Amino acid sequence: MKQLLATTLMLALCATSLAAEEKTSQSKDKASIINSDDFRCERLTGVSLADFKSKLVENCNLNKPFSSSLSRVLNEDNYFYCCQKR
C-alpha cells in the first residue's frame, strides 16, 4: 500500500513539474529531466522509438514499476517516462 501511494505521488509530482516547466519554457528541448534519489522522469521530443527504448533500459530498473507514454503533436513524437533508478 505504501509503495502504491509513493508511486502515485511520484507520478503526480512529475506531471505537475512538467506542466509548470512547459509553461515557462519558450524554446523546444530535446529532453526534459526530473531527478530524485529514487526515481527519474524524462520527456524526449523528436527522437525515434529505438532511442526512447535505449534511454528507458539505460536509466531504469525495469524490474520495478514504471510508466511511459507517447503523444504526437504536429507529427512529432513526444515520449515521457517515470521510473525507479537502476
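The values are calculated or read from the model by the stated rules, or taken from the named source; none is laboratory data. Keep in mind that this is a model prediction, so the values were computed, not measured. Because the Cβ atoms are built from the backbone with ideal geometry, glycine has one as well, and the counts that use them run over all protein chains shown. Surface accessibility is based on the protein's heavy atoms, side chains included, excluding ligands, DNA and RNA. Shrake-Rupley method; radii C 1.70, N 1.55, O 1.52, S 1.80 Å.
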Practice item. For PHE80, state whether it is aromatic (Phe, Trp, Tyr), within 15 Å of ILE33 (Cβ to Cβ) and part of a strand (DSSP E or B). Key: yes
Restricted to the range 27-41 and to residues being open to solvent by less than 50 Å² (accessible area, probe 1.4 Å) and within 11 Å of the chain's Cα centre (by Cα), the residue modelled with the lowest pLDDT is ALA31
Listed by first then second residue, the pairs whose first member lies in the range 55-71 and is under 14 Å from THR45 (Cβ atoms), whose partner is not charged (D, E, K, R), with beta carbons under 6 Å and at least 6 positions apart or on separate chains, are SER69/PHE80; LEU70/TYR79; SER71/ASN78
Residue hits (the range 42-75; within 10 Å of the chain's Cα centre (by Cα), closer than 17 Å to ARG86 by Cα and not in a helix (DSSP H, G or I)) are GLU42, PHE66, SER67, SER68
